[in-house]
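The structure under discussion appears below in the form of structure tokens.
The values are calculated or read from the model by the stated rules, or taken from the named source; none is laboratory data. Predicted, not measured: the structure shown is a model, and the values here were computed from it. Every residue, glycine as well, gets a Cβ built from its backbone with ideal geometry; the counts of neighbours run over all protein chains shown.
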Amino acid sequence: MTTSYQTIGQPVSRAEGPDKVTGAALYTADLNLPGLLAGKCLRSPYPHARIKSIDASAARRLPGVRAVLTGQDIPENLVGRMLRDFPMLAKDVVRFVGQKVAAVAADDLDIAQHALNLIEVDYEELPAVFDPVEALEAYAPVLHPNFMKYAGRADDPQEHPNAMARATWGIGNVAEGFAQADYIFEHTFRTPHQHQGYIEPHAVIAQVDGQGRLQMWVNCKTPFLLRRQLSEGIGLPQDRIRINPINIGGDFGGKGSFMDSHVAYWLSKATGRPVRMVMNYIEELMAANPRHPAVMTFKTGVKRDGTITARHARLIFDSGAYGAFRPQKGITYGIGAIGPYRMEHSQIDSYLVYTNKVPCGNMRAPGAPQSTFASECQIDLIARELGMDPYQFRLHNLVRDGEESPLGHHWRNFMGKPTLDAAVREAGYQAPKMTPPDLAADGGDWKVGRGIAVCERHVGAGSSTAKISVDGQGQVTLYTPLQDTGAGFYTMLRQVVSEELGVPYNEVSLVPWSTDDARFDSGVGGSRVTHVGGQAVYGAARAVRAKLAALAADLYGWPESQVVFKESMVAAAGHQAVSLGALAARSGGLVEGDFTYDSERDEDLTCFTAQVAEVAVDRETGQVKVLNFTTAQDVGTVLNPQAHQGQIDGGVMQGLGYALLEELKHEDGRISTLTFGEYKMPTIADIPPLRTVLVQSQSGGPSPYGGKAIGEQPISAVAPAIANAVLDAVGASVTQLPITAERVLQALRSQPA
């Protein structure tokens, strides 16, 4: 693919970086409005209980308290991103530890906390269920008896009172496929909650202004969707709600939810003053929206030569007490459970189930790390039983370019084999295994193993609008409704403008729009920003470029097709160049162009990832050390190599945490890991040497200049690659994440003598 770009493909640093590192960038918690009050919520100490009474009289009498609200004081509307099953404040029943029961607005946080301590709630405990498999049993307590009346639920009949959604995908007939198999394997795998780990907790400021409009500043990456959710919950028309742009301090999927937004509105309305609510990290870990845990049973049939004949996957995702934090109406989790493997018969049955635990939402590549862990671990278990090398077993079954995907799509330019081969070569997968000298010297019984895992993921789609202006001084300004979550796409969008208009990327001003300034935007998420937002900016830049080229042709008689833009100048061969500003000034001082890009997901386009982990395992203690980790990624044009590599490394780091460390632990529905010190995310000291090889796809992707998605691609295969490396090292299969020393020892002890 072409590499003749001026800015695209260059490893430029963050254009917004200086503001962030100097503290000039403002976040929600930084804003101070006149009369600003502090908001705080009282949360349930029980996983399932009936609220018999609430006495807030003492809290209301406390000096400095401006409002105390309970479920009796606000409408009973249920809210949610799609499924509306979540009460803004619990009125009759609480369903998880941490659910909001009352809210206070006070002059400062200390007074607000004191007021919460004065609120007396009389609870009657109810039977609870914490395991999603048990939640589907006939004896389980029914958590949402009115589920069929909820707005936004899936249209299908409800199979069980605690099953909020079910989806089935497949091809062929699995019974026929299993009948063709010489061997049938069945394994069950479990994955835990994973918190997104963003630095900035959820925060919101709500203000009902003098015209009765709701002005809101909130670290939400989907402001137009949040506006709709607020409208549904509080009863204001959408045109009476404005979500103002604000910096977001990290997301990884978790900042698409409404969290305290509705409650902040009611407090502001009750007090007539702006109210700020900022969750602390105890509240984040107790009551935010982590990745769904899952229990997954995979049944796979194979022939003696290793050919897969059928697979049936039953996936049960633990949604927690509510489904309100998920953006989909039904269930899309687990569609990749078959993997990118050739088979004529497959079926995936995927369930979302209510339990009395923290409600779950989205995290990077939602649904994929869970199902890929199960799928890719079983691949190695099968290969081991058949006496085949896992690499060769994958090659034997991997879909080739031109063949159908496991669900019947005709993937275009599928890069499975070249990417897998590149990962194996770069990792030295077939080289002799050597215990590092420092481990060999420590006296442990260390064994080295290597493991492979692969996955594929789509490029996201949606809608976005952009506008670009050039003024008489040559200042180029980009307007976008997208809210940068810290991933660096404001820099990428500037690079697109730079490429098309020939100005330095870091001299392009960027103005984020509020929800008043555009018709709609899908927001950030789902591997769509570079594609959808990038194409909107590309279209706006081309519109401005065309206007300027036509203006130059009209003013100077230049051939319009020969007008070029470079170094903030406009030129044509054989003619004296003019500055961009001078040209814009001749048009009245401002040249503008806008563009709206709408797309649907292309099921025939996918991005392939192959990863290889090398680990050392101490058979005496069960300790696992990752020695090296290699990622091979199928790519199109890389718009910014530095940012692109950052996405890969960041995804691998989060995958390492998922594989080895991270778990929200529960004791009877109460989360016991209520600090990041107890939760244990990996630090840089936990990260092994990382290798990356980029495998160029000649057809590219749908993003500007042929780019492909990268944000969600690198995370899903990390955990199974490590688990498979442990299996290779010591022959022990760990089927539950995280892969702790205790679980490795348990697997070793369960091996046949």
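Below is a table of values for the structure above.
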item	result
Unmet requirement for Ile338, which otherwise passes all of (1) in contact with a Leu (Cβ under 9 Å, 6 or more places away or on another chain); (2) within 25 Å of Gly152 (Cβ to Cβ); (3) modelled with pLDDT under 95	(2)
Strands (runs of 3 or more DSSP E) wholly inside segment 151-254 containing at least 3 residues that are closer than 25 Å to Asn289 by Cα and in the same structural domain as Phe325 (by TED's automatic domain parsing)	163-171, 183-191
Options Arg314, Arg273; residue that is surrounded by fewer than 22 Cβ atoms within 10 Å (Cβ to Cβ), within 25 Å of the chain's Cα centre (by Cα) and at pLDDT 95 or above	Arg314
Filtered residues of segment 72-105 (kept if of a type in the set (Asp, Glu) and out of contact with any helix residue (DSSP H, G or I) (no Cβ under 8 Å at 6 or more places or on another chain))	Glu76, Asp92
Residues within segment 434-445 that are free of Cβ contacts under 8 Å to residues at least 24 places away in the same chain and in contact with a strand residue (DSSP E or B) (Cβ under 8 Å, 6 or more places away or on another chain), tallied	2
Residue tally, condition closer than 14 Å to Gly408 by Cα, of a type in the set (A, V, I, L, M) and not in a loop (DSSP other than H, G, I, E, B), over segment 314-347	0
Members of segment 698-753 found to be among the polar types (S, T, N, Q) and surrounded by 24 or more Cβ atoms within 10 Å (Cβ to Cβ), listed by number	Ser703, Gln713, Ser716, Asn724
All positions within segment 659-686 that are loosely packed, with under 15 Cβ neighbours inside 10 Å and not in a helix (DSSP H, G or I)	Lys665, Glu667, Asp668, Ser672, Thr675, Thr683
Single residue of segment 442-466 satisfying the filter (of a type in the set (A, V, I, L, M) and closer than 19 Å to Asn628 by Cβ) that is surrounded by the fewest Cβ atoms within 10 Å (Cβ to Cβ)	Val448
Members of segment 396-417 that are closer than 19 Å to Val718 by Cα and part of a helix (DSSP H, G or I)	Gly416, Lys417
Which listed residue is within 30 Å of Phe130 (Cβ to Cβ) and not in a strand (DSSP E or B), from Pro11, Pro47, Pro18, Pro34	Pro47
1 or more residues farther than 23 Å from Leu26 by Cβ and either modelled with pLDDT of 95 or more or not assigned by TED's automatic domain parsing to the domain that holds Val529 (or both): qualifying strands (runs of 3 or more DSSP E) within segment 463-515	463-471, 476-480
Residue tally, condition surrounded by fewer than 22 Cβ atoms within 10 Å (Cβ to Cβ) and more than 19 Å from Gly39 (Cβ to Cβ), over segment 226-241	8
